[in-house]
There are 4 protein chains.
Amino acid sequence: MTFPLGPNRYGKSGIRLATVARDGDQHTFTDLDIQVELEGDFTAAHVEGDNASVLPTDTMRGTCFALARDGIDSVAGFTRRVAERLFVASPAVDRVRIRVIAHPWERIEVDGSPHPHSFRPGTGGDTVTTLTQDRDAEPAITGGVRGVRLLKTTGSAFSGYLQDEYTTLPETRDRIMATTVEATWGTTGPDVDHRALGIAVPVTMTATFARHDDSESVQHTLHAMGGAVLDEHADITWIRFRMPNEHHNLVDLSPYGLDNPNVVFVVADRPFGVIEGTVARDGVEPPPLPG
Amino acid sequence: MTFPLGPNRYGKSGIRLATVARDGDQHTFTDLDIQVELEGDFTAAHVEGDNASVLPTDTMRGTCFALARDGIDSVAGFTRRVAERLFVASPAVDRVRIRVIAHPWERIEVDGSPHPHSFRPGTGGDTVTTLTQDRDAEPAITGGVRGVRLLKTTGSAFSGYLQDEYTTLPETRDRIMATTVEATWGTTGPDVDHRALGIAVPVTMTATFARHDDSESVQHTLHAMGGAVLDEHADITWIRFRMPNEHHNLVDLSPYGLDNPNVVFVVADRPFGVIEGTVARDGVEPPPLPG
Amino acid sequence: MTFPLGPNRYGKSGIRLATVARDGDQHTFTDLDIQVELEGDFTAAHVEGDNASVLPTDTMRGTCFALARDGIDSVAGFTRRVAERLFVASPAVDRVRIRVIAHPWERIEVDGSPHPHSFRPGTGGDTVTTLTQDRDAEPAITGGVRGVRLLKTTGSAFSGYLQDEYTTLPETRDRIMATTVEATWGTTGPDVDHRALGIAVPVTMTATFARHDDSESVQHTLHAMGGAVLDEHADITWIRFRMPNEHHNLVDLSPYGLDNPNVVFVVADRPFGVIEGTVARDGVEPPPLPG
Amino acid sequence: MTFPLGPNRYGKSGIRLATVARDGDQHTFTDLDIQVELEGDFTAAHVEGDNASVLPTDTMRGTCFALARDGIDSVAGFTRRVAERLFVASPAVDRVRIRVIAHPWERIEVDGSPHPHSFRPGTGGDTVTTLTQDRDAEPAITGGVRGVRLLKTTGSAFSGYLQDEYTTLPETRDRIMATTVEATWGTTGPDVDHRALGIAVPVTMTATFARHDDSESVQHTLHAMGGAVLDEHADITWIRFRMPNEHHNLVDLSPYGLDNPNVVFVVADRPFGVIEGTVARDGVEPPPLPG
């Protein structure tokens, strides 16, 4: 008995592609991890084993390499060129999705000057650019960052919360708050300067995290960060955060006859809280949370 | 300026909880990794820093521990009890989502007999149970597995595919196919025997993978596996797979003056193909692919 | 100013090589992760940038691929052939060290029979074979396993230990003991049947772990396991274990008004105890612990 | 039959301890991952299950927490205090080894000024401090770093190497060189300023990597880095490096009818070269490579 094929897609993940651009002695190093996904009518491949309309995932990789030959000025522009090509190459395709994680590298300082061709990993997390495009339609491009670790040793409280018989957490007006921010944002259109936003938005986020010293919760700081991003970046219409609460728990030193006035903490890996929230301009419909 | 809060949720991840059940000398060890997520009206917490309606994520953990006190007969039943409790404890909550990964352990064989209280990790991957429940509604529960690694050294081909100028992959009628299956399935209702399905469905999947020796692609095998599951398990209405194509590439030994008649392969980590597909009974509307 | 070169070596890690052997319809799949290290006189390369005596690490990989062309009957034999070749290829080399991790795969059962060419990961951990050979000398080959996870829900105690003012751990006569065994063993000579030992020794270890129900500590069980291996395997002269103590801590449910009679445990990732110990036959000098 | 106990040790790994020091508004955040290992006469514990001389690993953790109560001025000093205490607490102990990985955090810049209590991860890798001390002897303390990722897009060659029939690597006078440095160093005595060296040595290493533009190999750059460290830091007597060669391979675009003048590279995870080397002052006996 044959059962119908439901929602499906396929693609290539983990395409690790780097480019070097040269402006005289000054080199720029671009370090990408690319994921390509195609949706369309692939029923024959699944049901009958007929591959006639299947573009191999290896070809998706080759396409990325070939289209990088003349350099990658902007990641968003590169995703547009790859998507355009995939619609041409694969007539069965209805939708292309490309996600590019860019690992930042910054110039090594030598004797106080940035070196022209030597690099170390940048701070501030990877940038994440996602293009989603239906055939014969405009692409939607979101920007984002991930892996932005932040920590403050004061200026954070958690109290006044709901209590029940399974509550043992002590209230505190002064705790360590630590998180690793993942943020995704939408813009007024695909033609904004995604590269500039990828640099500027994390600066806003990070400074707001630092300044927000009356934090009552991760939720509270999240909303402040989102508001600051919308305030300072007119091209951004919504921003979504995923912020784990990476607990640093005060160690009880009383069994050793010692007090612990917020000096010694144990760093916990698990469990961890996870806070997700979206901040949007009035009238903007942000996307739902991922499933 | 204050911007409105959009879609949001929060919860606890990485709750590592184990239980021991004793039937005379026979012990049963249950090893869970639990994630709890709540949605509801948490605007005051985000916008004003008012935590009055926030159930701490630490309490979610405490709730899981307390409700495990009398044992965990079935993971699906446990998720129902936790969800019920969270709706009571937290009036602001509209929706509860609980995902439980169960790590399998099986009895060590000693002198040909299973040992009553000594265990080693089971084969066949973790089981994944997800409950999603809206307040005053019935829960939806999906079953699943992840981490089911499978490999066959013949009986797999990939040829007849679309070719363009970026295609370099050679066609083959005999290759290694390897994957690590992640599968999620829906059932006729929440009261089916999820525990039994968690054991039986992987057996069907695995046997079908082994038997399907005229495989033209991962897609083709995926559809065969889905069909077999629906054929053999009347309680299942749809099944979705995520199956990476873990490439084992034939090594070109010709530079060394040697042939390579399908003997020596290099195992690649990246890049990897990813195939996702759903198989559903006629008239069933399976969920969309995750975003 | 030039400073002298001290101890040095170089090589290739992460050579992922798989082979398929065919005996009629019955296939055997061998899945290796190979590390090659060379020591010798490489002063000119370090100090002067003169590569004349440097065999590229890429060639070490090519050598492994080429020598696998006719199959890998035994991993120990394969390491001997590769070492022999490297001494010939690279006159500057004084010492070769090759470590091979073999990932086990076992046949999928279909309708009660093992399938001839379909596999899933085996239980019982990876095997680790290490050859160390000086030029013009016999190789020393050690066997081993790693990743052997074991857990028992009773039959383990920890009490009567040293107490001081920093001790808060409660004594217990009944706890969960869990570990992931790494074991390395030496033999009476390089020509013993390393493949057979790689299968048989973990069986002995695992059964002893299960049976040792008067365990007073991880140390105590470690020594019992080592003794059993030496008792049952005459070719083995010493065995060294590294056994983390993977803590499963009893959850204190008293804040919730509940007792916890060894039912609910929290699984801790960190910190973890680590116990290392060697058991050797009388008169045998086992190697020191790794630095 | 009872077999003698050979080399053994035990301890606690993964003690995640953080401290906050306050100088008015200026906070300093210290983030440590501590491993403690003890050697001594623990035969009774292994052979007879007699724990009377066993200090629990949980107590080692408690000792670290208690001794951190008054702050951690220097990691080297902290390891000395912990070691001293462990010799007192545990009479059976002959040797203490403590390894501390410190994760660096640096102040977030807000409006051009470093924030007093908000931090992000520092660049330049973790520092690693290891104390080894025998009872009634002076401690030996080594400093180190790990995770120092460095990359240069030119100024690196690899040619003139040994060729044989398994060599396929093309020679190049211009390649990308990338590595993640792990370095360990010894000093003239335990009382040098380990904290200052932990900051200054990576600066020397990194600048030398950048400047060394006539690199003929990783070995060549390694030796240059070691020489620069010894030149600039009189307290250091030897330094050992482990430097993987993280390959960035030029993509062959000729199948697509394109050239590739050092523009597009594929980033490989595996296999990778590994180069280890020591540079020492004349007359200094550096330690052997780890086993």
*Peptide D:14-23, shielding by other chains (average Cβ, 10 Å cutoff)*: 6
*Compute the distribution of all C-alpha to C-alpha distances in segment A:210-291, in bins of 10 Å from 0, and list the percent of pairs in each, rounded to whole numbers.*
15, 33, 27, 14, 8, 2
*What percent do you get for the relative contact order of segment B:1-137 when only Cα pairs under 8 Å and 6+ apart count?*
25
*asked:* What's the minimum Cβ distance from chain A to the axis relating it to C, in whole Å, and which residue gives it?
replied: A:ASP269, 3
*By average Cβ neighbour count within 10 Å, what is the ranking of D:263-269, D:60-66 from highest down?*
D:60-66, D:263-269
*Equivalent-ellipsoid semi-axes (√(5λ), Cα gyration tensor) for the protein assembly as shown, whole Å, largest first?*
41, 39, 36
_How many angstrom lie between the Cα centre of segment D:239-278 and the Cα centre of segment A:129-172?_
36
*Output, in nm with one decimal and in ascending order, the distances from the C:ALA200 label point to the matching label points of the other copies (7 Å from Cα along Cα-to-Cβ).*
4.2, 6.0, 7.3
*Zone residues, segment C:86-109, relative to C:ALA137, backbone N less than 16 Å from point 7 Å out along Cα-to-Cβ*: C:87, C:93-98
*Based on the Kirkwood radius over alpha-carbon pairs, what value in µm²/s does the Stokes-Einstein equation return for the translational diffusion coefficient of segment A:7-51 at 4 °C and 1.567 mPa s?*
96
*asked:* Students often check this: by mean Cβ neighbours within 10 Å, which of C:43-50, A:240-247 ranks highest, and how do the rest follow?
replied: A:240-247, C:43-50
*Which is farthest toward the positive dipole end of chain D among D:LEU131, D:PRO104, D:ALA45, measuring Cα position about the Cα centre, with Cβ charges +1 (Lys, Arg) and -1 (Asp, Glu)?*
D:ALA45
_Under the convention of a label 7 Å out along Cα→Cβ, give the distances in nm from B:GLU171 to the same position in every other copy, shortest first._
4.2, 7.4, 7.6
*Alpha carbon Rg of chain C, scaled by the compact-globule rule 2.2 N^0.38 Å*: 1.22
*How high is the relative contact order of chain D, given as a whole-number percent (alpha carbon pairs under 8 Å, six or more residues apart)?*
12
_Counting only other chains, and only Cβ atoms inside 10 Å, what mean value do you get across the residues of C:215-221?_
6
*asked:* What does the structure give for A:144-157 when I average, per residue, the other chain Cβ atoms found within 10 Å of the residue Cβ?
replied: 4
*At A:GLY122, label 7 Å along Cα→Cβ: distances to the other copies, nm, ascending?*
2.3, 4.7, 4.7
*How much net charge surrounds D:ASN262 when only the other residues with a Cβ under 14 Å from the Cβ of D:ASN262 are counted, with Lys and Arg +1 and Asp and Glu -1?*
+1
*Taking only C-alpha pairs under 8 Å that are 6+ residues apart, what is the relative contact order of segment C:173-262 in percent?*
45
*Normalized C-alpha radius of gyration of segment C:143-282, against 2.2 N^0.38 Å?*
1.20
*Dipole in debye (nearest 20) - chain D, about Cα centre, beta carbon charges: Lys, Arg +1; Asp, Glu -1*: 640
*asked:* I need the Kirkwood Rh of segment C:2-154: take the reciprocal of the average 1/r across all distinct C-alpha pairs and report it in angstrom.
replied: 17.5
*Rounded FRET efficiency, nearest 0.05, which uses the C-beta distance separating C:ASP214 from C:ASN249 and R0 of 25 Å*: 0.65
*Count the net charge of all other residues whose Cβ sits under 14 Å from the Cβ of C:ALA137, scoring Lys and Arg as +1 and Asp and Glu as -1.*
-2
*asked:* For a quick check, take a GNM of chain B with Cα springs below 10 Å and name the residue from B:GLU39, B:GLU171, B:GLU232 with the largest mean-square fluctuation.
replied: B:GLU171
*asked:* If I take all pairs of Cα atoms in segment A:64-166, what percentage of them are more than 17 Å from each other?
replied: 69
*Give me the Debye-computed log₁₀ of I(q)/I(0) at q = 0.13, 0.24 Å⁻¹ for segment C:158-220, equal point scatterers on Cα only, no solvent, two decimals.*
-0.56, -1.10
_What does the net charge come to around C:GLU276 if you take all other residues with beta carbon closer than 10 Å to its beta carbon, with K and R at +1 and D and E at -1?_
0
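None of the figures in this text is laboratory data; all of them are computed from the coordinates on show. Keep in mind it's a predicted model, so treat the numbers as computed, not measured. When we count neighbours, we look across all protein chains shown, and the Cβ atoms used for this are built from the backbone with ideal geometry, even at glycine.
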